[in-house]
Amino acid sequence: MYDFIVAGAGIAGATVARSLAEKGKKVLVVEKRDHIGGNCYDEKDERGILIHKYGPHIFHTSDEKVYEFLSRFTEWYMFGHEVVAKVNDKLIPVPFNLNTLHMVYDKEKADRLEKKLIEKFGEGARVPILKLREQEDEDMAEIADYVYKNVFLYYTMKQWGQKPEDINPEVTGRVPVVISRDNRYFGDKYQGMPLNGYTPMFEKMLDHENIDVETGKDIKDVVKFENGDISFEGEKFEGGLIYTGPIDDLFNLKYDRLPYRTLDFDFEYMNAESFQGRSVVNYTVDEDFTRITEFKYLTGQKDVKGTTIVREYSKGYSGASGEIPYYAIINDENLAQYEKYVSESKKIKNLYLLGRLAEYKYYNIDAITAKALELADKIGQ
Ligand code: FAD
Ligand code: UDP
């Protein structure tokens with residue numbers, strides 16, 4: 001009856017399901033949680049404040065195709081997302097940029113350093129901290145040292161349990177030193193929020209006559225693998241299965257658990273107009289949590305009394321019930337383990353791996369949307 005079964009209703013699953021449905025395919029989406037949206041899911045809390053249940057999600061992209069696709073399901077509240085780091089008693093813009101430089105050094109020194117940075121890297125350049133640390137020039141080394149110690153070291157230890165130089169360089173490379181006066185966190189052309197939230201956007205994406213959605217159901221309860229074939233509810237399934245959950249879980253940890261980081265979210269409502277007066281503050285030199293998000297500044301919600309914040313605490317994922325694997329820990333050893341699972345998946349006919357967990361990658365929303373559209377084009381002919 002179905003041409004495709006999609007496991008997971010996050011952005012990967014919703015995008016591929018919609019795209020396949022528009023190509024005339026019948027699609028069943030099976031989602032383990034009791035709601036759609038995956039980690040992008042948002043909802044109003046008991047005070048009516050729109051919160052992101054799985055941490056702050058800011059949509060950003062320079063990919064026109066992704067922007068066009070998602071814009072069919074939502075209007076946008078666009079803004080330039082800005083973040084500050086709390087460094088002792090100062091709030092400084094992150095990524096560290098020329099404005100930050102002028103906040104931490106006196107004018108004469110900052111002017112001199114600014115000139116040097118522009119000469120060396122060019123205006124607008126985005127320089128990973130680990131690259132800046134390789135510079136031999138004394139002034140550069142001083143800036144690198146400041147940024148490393150005050151922005152990266154402690155935050156990265158909290159987030160990953162490892163030093164910046166010991167994790168995959170692409171991770172810290174996401175937040176480079178920026179040689180400009182632009183305080184925005186991302187460099188992308190489009191950045192903001194679905195105007196009415198993510199969940200209504202997902203509802204629209206999945207609202208199609210060729211799509212059925214079942215929440216509160218684990219794919220492993222309805223789909224089995226037998227001799228390289230897929231069976232669905234006890235019968236051989238000739239269609240394709242697109243799996244967007246953790247790959248180790250799909251194969252019952254056959255090659256052991258893949259390492260992930262998980263997060264604890266501590267939500268707090270306050271009967272006050274504002275807590276921090278801005279959306280995100282990163283705690284880069286103290287506290288046990290990594291950052292505090294104040295939702296109304298992220299979503300632009302106006303019609304509310306009080307304010308809700310969330311503190312994020314990172315820790316190793318243990319697989320305990322209720323824990324969610326949020327971040328793949330990408331290094332050679334873990335990728336080798338991941339590859340064993342990929343080989344296992346290749347033994348199953350018509351099984352496709354898609355998404356941040358199934359692909360064990362650090363994808364943003366836009367990258368996974370693009371990947372899902374590509375996959376649908378490939379398999380939906
Ligand atoms: P998910 O959203 O994880 O969806 C996978 C779905 O599969 C889940 O709903 C899960 O319940 C379901 N599933 C798993 N196993 C099974 C099973 N056995 N049976 C059925 N269903 C199953 N990206 C940005 O672009 N901007 C941001 O600001 C941003 N902030 C982030 C903040 C945090 C704290 C985190 C963790 C991520 C952030 N991201 C952000 C990344 C973003 O969350 C991901 O790119 C995106 O959610 C990945 O979508 P996905 O569909 O691959 O995975
Ligand atoms: N990072 C940091 N200090 C900051 C911001 C980021 O050390 O103030 C490092 C940290 O290692 C983090 C990585 O850069 O995990 C990527 O940051 P990003 O904001 O992209 O993380 P995410 O929002 O995906 O958790």
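Details
- Subset tally (residues that are within 16 Å of ligand 2 (Cβ to nearest atom) and surrounded by fewer than 18 Cβ atoms within 10 Å (Cβ to Cβ)) for the stretch 365-381: 1
- Summed over the stretch 68-91, the residues that are crowded, with 18+ Cβ neighbours inside 10 Å and in contact with a strand residue (DSSP E or B) (Cβ under 7 Å, 6 or more places away or on another chain) give a count of 6.
- Boolean, Gly55 is within 16 Å of ligand 2 (Cβ to nearest atom), part of a loop (DSSP other than H, G, I, E, B) and either at pLDDT 95 or above or open to solvent by 20 Å² or more (accessible area, probe 1.4 Å) (or both): yes
- A Cβ distance below 6 Å, combined with a sequence gap of six or more or placement on separate chains, defines the contacts here; from the stretch 248-260, residues that are in contact (Cβ under 8 Å) with a residue 40 or more places away in the chain reach residues that are open to solvent by less than 60 Å² (accessible area, probe 1.4 Å) and part of a loop (DSSP other than H, G, I, E, B) in the pairs Asp248/Leu258; Arg257/Gly319; Pro259/Ile329; Tyr260/Tyr317; Tyr260/Pro325.
- Number of the exception - Asp145 against (1) open to solvent by less than 30 Å² (accessible area, probe 1.4 Å); (2) under 24 Å from Phe289 (Cα atoms): (1)
- For Gly187, the conditions (1) part of a loop (DSSP other than H, G, I, E, B); (2) touching a Phe, Trp or Tyr at 6+ places or on another chain (Cβ under 9 Å); (3) of a type outside the set (S, T, N, Q); (4) within 16 Å of ligand 2 (Cβ to nearest atom) all hold with the exception of (2).
Every residue, every condition in (1) charged (D, E, K, R); (2) outside any loop (DSSP other than H, G, I, E, B), yes or no:
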site	(1), (2)
Asn252	no, no
Asp256	yes, no
Arg261	yes, yes
Asp264	yes, yes
Phe267	no, yes
Ser274	no, no
Asn282	no, yes
Glu287	yes, no
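- Residue in the stretch 200-211 that is farthest from Lys44 (Cα to Cα), counting only those that are open to solvent by less than 20 Å² (accessible area, probe 1.4 Å) and under 20 Å from the mean Cα position of the chain (by Cα): Met205
- Looking only at residues in the stretch 310-344 that are under 28 Å from Glu268 (Cβ atoms) and within 15 Å of the chain's Cα centre (by Cα), the one that is nearest to ligand 1 (Cβ to nearest atom) is Tyr326.
- The residues listed here are Tyr155, Tyr185; of these, the one that is in contact with a His (Cβ under 6 Å, 6 or more places away or on another chain), within 16 Å of ligand 1 (Cβ to nearest atom) and modelled with pLDDT of 95 or more is Tyr185.
- Among the residues of the stretch 153-167, none qualifies, meaning not one is surrounded by 18 or more Cβ atoms within 10 Å (Cβ to Cβ) and more than 22 Å from the chain's Cα centre (by Cα).
- Within the stretch 105-178, helices (runs of 4 or more DSSP H) holding 1 or more residues that are within 11 Å of ligand 2 (Cβ to nearest atom): 129-132, 138-147, 154-160, 169-173
- Filtering the stretch 320-335 to residues that are open to solvent by less than 60 Å² (accessible area, probe 1.4 Å) and outside any loop (DSSP other than H, G, I, E, B) leaves Tyr327, Ala328, Asn334.
- Number of positions in the stretch 168-182 that are surrounded by fewer than 18 Cβ atoms within 10 Å (Cβ to Cβ) and more than 13 Å from ligand 1 (Cβ to nearest atom): 7
- Some residue of the stretch 191-200 being within 16 Å of ligand 1 (Cβ to nearest atom), farther than 29 Å from Thr299 by Cα, touching a residue at least 60 places away in the same chain (Cβ under 8 Å) and of a type in the set (A, V, I, L, M, F, W, C): no
The values are calculated or read from the model by the stated rules, or taken from the named source; none is laboratory data. Small disclaimer: the values here were computed from a predicted structure and weren't measured. Cβ sites come from the backbone with ideal geometry, for glycine too, and all protein chains shown count toward neighbours. Ligands, DNA and RNA are excluded from the accessible area calculation, which covers all protein heavy atoms including side chains. Shrake-Rupley method; radii C 1.70, N 1.55, O 1.52, S 1.80 Å.
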